[in-house]
Amino acid sequence: MTAARDPGLQPERTRLAWRRTMLAVTVVTILAGRLGLTGGRVGALLTALAILGWGATITLCWPRAVGTGVPDPSVRTLSAVGLCIAGLALIGVVLVVCGV
Amino acid sequence: MPSSHRIITTVWQRIRNWFDPDELRSVGTTPDYRFSLANERTFLAWLRTGLALVGGGLAAAQFLPALPLRHLREAISIALLLLGGAVAIRAIDHWARVDRAIRLDRELPASRFPAVLAVVVGLGALLLVVAVLAGALGG
């Protein structure tokens, strides 16, 4: 923790926001996997891709989620996490189109 | 032609800024860290909004029964997924713009996006109500 304690608990709130986001990504990945594993070979491949994306997202989020309140979000981390989520959406679109 | 070229250059510049911390740090002064953290949490809240839409799309694809209109279920699902992806991409851009504004001590960027998103989601819900009612009365 930093020496001067912030009465608004800003670092703690930010850490918890990252943890909620990790939880949401996990739930969505499980949903994508459930859909993918009913869809033959393409579905299995896309599920594997979604799990890889999940791993990347968790790896990116982790330092901020357990961080010591360093007030410095990396632009690259934020962009990469956002793009991972957009990628997850794209995987979902392909899964639905292939299932039609 | 020149204007379309300019748009492409602007978009490319913005995308490059997302991955270039020095570019962002080069403007203005480092703000009070509480503002930065608030901006970061807003970004994360938008990401979770996007994830909720993506999750909704994935759930619609596998848990909704077939609707009276052919492929309506798939259309709803794809619309939700695309909307979720767009929300995530837009969250990055908005974060970068707000960060720039607080560094330069300027007004925060105004945005129509939340209102548009709310109207789109509301209209979508209304459409679904009509589809379900039509199915119940017609079927």
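The values are calculated or read from the model by the stated rules, or taken from the named source; none is laboratory data. Given the structure is predicted, the values throughout are model-derived calculations rather than measurements. Using ideal geometry, Cβ is built from the backbone for each residue, glycine included, and neighbour counts are taken over all protein chains shown.
Things to note:
- Boolean, B:R106 is at pLDDT 90 or above and of a type in the set (D, E, K, R): yes
- Number of positions in the stretch B:22-60 that are of a type outside the set (D, E, K, R) and touching a Ser or Thr at 6+ places or on another chain (Cβ under 6 Å): 5
- Among the residues of the stretch A:3-47, those that are in a loop (DSSP other than H, G, I, E, B) and either surrounded by 14 or more Cβ atoms within 10 Å (Cβ to Cβ) or at the interface with chain B (Cβ under 9 Å from one of its Cβ atoms) (or both) comprise A:D6, A:G8, A:T38, A:G39.
- Entry remark, the stretch B:5-26: residues being modelled with pLDDT of 85 or more and within 9 Å of chain A (Cβ to nearest Cβ) number 0 in total.
- Residue match in the stretch B:59-75 (condition: surrounded by fewer than 14 Cβ atoms within 10 Å (Cβ to Cβ), in contact (Cβ under 8 Å) with a residue 60 or more places away in the chain and within 23 Å of A:R76 (Cα to Cα)): no
- Among (1) out of contact with any Leu (no Cβ under 8 Å at 6 or more places or on another chain); (2) facing chain A (nearest Cβ under 9 Å); (3) among the β-branched types (V, I, T), the one test that B:V116 misses: (2)
- Qualifying position, being farther than 30 Å from A:R15 by Cβ and aromatic (F, W, Y), among B:F43, B:F63: B:F63
Residue-by-condition table, conditions (1) over 30 Å from A:V96 (Cβ atoms); (2) within 12 Å of chain A (Cβ to nearest Cβ); (3) not in a helix (DSSP H, G or I):
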position: B:S3; (1), (2), (3): yes, no, no
position: B:G28; (1), (2), (3): yes, no, yes
position: B:R34; (1), (2), (3): yes, yes, no
position: B:F43; (1), (2), (3): no, yes, no
position: B:R48; (1), (2), (3): no, yes, no
position: B:G57; (1), (2), (3): no, yes, no
position: B:G85; (1), (2), (3): no, yes, no
position: B:S111; (1), (2), (3): no, no, yes
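- When B:G55, B:G50 are checked against the criterion of being touching a Leu at 6+ places or on another chain (Cβ under 7 Å) and surrounded by 16 or more Cβ atoms within 10 Å (Cβ to Cβ), a single residue qualifies: B:G55.
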